[in-house]
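Data first, discussion second: the structure below is written as structure tokens.
Read the figures in this text as sums done on the coordinates, not as results from a lab. Bear in mind that the values here come from a model prediction, so they are computed numbers and not experimental data. Glycine gets a Cβ as well: all are built from the backbone with ideal geometry, and neighbour counts include every protein chain shown.
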Amino acid sequence: MKPVEVKQGSSPIVLGLPHTGTFVPKPIFDELTDLGKTLADTDWHIDRLYEGLSSDVTSVRALFHRYVVDANRDPSGVSLYPGQNTTGLVPLTDFDGERLWLNDPTSDEIEERRLAWHAVYHSALETELKRVHAIHGFVILYDCHSIRSNIPFLFDGTLPDFNIGTNGGLTCDPMIEKTVVDICKNADGFTSVLNGRFKGGWTTRHYGKPAEGFHAIQMELAQANYLETEQLPFDYDAHKAKRLRVHLDDILKQLEKFSPAQGERA
């Protein structure tokens, strides 16, 4: 089983998809609790949701599950959100705080997974970011995520529909941030927030170096907007998704017009 799927394009956008994979090697799967084996914290169908919105974007998709190792966590294990409930490089609990493992992975096992999966994903992602940067003189990493709308262990209340993360504006040009924020703010019937509970994961923070022409922005979507229900079997709802895809398509098309030389969209 290869860890990563890469589809190359020539537009300035690279889609990162670190959490859509569902592959778990059998020895690891056997160590999961019955709850863990449901793989409930997957970013369900995000690859399908974005598929075909822009035919020329590059995408880098992790095919392994985040319970194996989380491709959007700091490889050193440092928390992205100090003082708040979150999950680690190899999560020990699910998003509801429930145990995932019959026996927690050892530090050696975690390092093995990091090298075999996390490092391979980021090697592929970095390669594509550099390739696209060489074509355009800049690149926009658009990191694709989704999560259940109500998770008391992680956040209070109901999550907005569009959760945009730029780590307080540090990871991309202000015009990129504004473009995405304005589209989401004007999306009829949807709610949005900038740098709310989700400010951008390790991927966004690590690769976002706007002064060097590497821009990164994270989009965390509430799953209620494209799934039939936010519980097993987490089926895709094409009717809901169609409404959401209109705005996602607009985001990608507008970002493709970004011109760093002018500091604005061309």
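Key figures
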read-out: Residues ARG245, ARG148, sorted so that the one with the fewest Cβ neighbours within 10 Å comes first; value: ARG245, ARG148
read-out: Two-site label geometry, GLU126 and GLU212: point separation in nm, points 7 Å out along Cα→Cβ; value: 1.0
read-out: 21 Å Cα-Cα reach of LYS37 towards lysines, excluding residues that sit fewer than 8 places from it in its own chain; value: LYS2, LYS26
read-out: 15 Å cut-off, amide nitrogen to a point 7 angstrom out along LEU102 Cα→Cβ, residues in segment 34-48; value: 34-38
read-out: Neighbourhood charge, 10 Å Cβ-Cβ cut-off, centred on GLU5 and excluding it, Lys, Arg +1 and Asp, Glu -1; value: +2
read-out: Placed amide H near PHE258: partners under 5 Å, 5+ positions off or other chain; value: ALA266
read-out: Net dipole in debye of the chain [+1 Lys, Arg Cβ; -1 Asp, Glu Cβ; about Cα centre; nearest 20]; value: 680
read-out: Aspartates and glutamates whose Cα lies under 18 Å from that of LYS185, excluding same-chain neighbours fewer than 8 positions away; value: ASP161, GLU177, GLU220, ASP249, ASP250
read-out: Rounded to whole Hz, the Karplus (6.51, -1.76, 1.60) HN-Hα couplings of segment 23-38, x for glycine and proline; value: 6, 10, x, 4, x, 6, 4, 5, 8, 6, 5, 4, 5, x, 5, 6
read-out: Within the chain, helix-based [θ] at 222 nm, where runs of 4 or more DSSP H residues each add -39,500 (n - 2.57), nearest 500; value: -7500 deg cm²/dmol
read-out: Footprinting exposure proxy for THR166, THR179 (fewest neighbouring C-beta atoms within 10 Å first); value: THR179, THR166
read-out: Ordering of 134-140, 71-77, 186-192 by burial proxy (mean other Cβ atoms within 10 Å per residue, highest first); value: 71-77, 134-140, 186-192
read-out: Selected from PHE64, VAL78, ILE140, residue furthest toward positive end of dipole (segment 4-265; charges at beta carbon); value: ILE140
read-out: Value of relative contact order over the chain, rounded to a whole percent, pairs C-alpha under 8 Å and six or more apart; value: 22
read-out: Two-site label geometry, ALA238 and THR158: point separation in nm, points 7 Å out along Cα→Cβ; value: 2.7
read-out: Placed amide H near SER146: partners under 5 Å, 5+ positions off or other chain; value: LEU221
read-out: Loop GluC sites (Glu not before Pro), segment 1-71 (other Cβ atoms within 10 Å of the site Cβ: 14 or fewer; DSSP); value: GLU51
read-out: Segment 104-203: C-alpha gyration tensor shape, a/c 1.5 cut-off, then a/b vs b/c; value: oblate
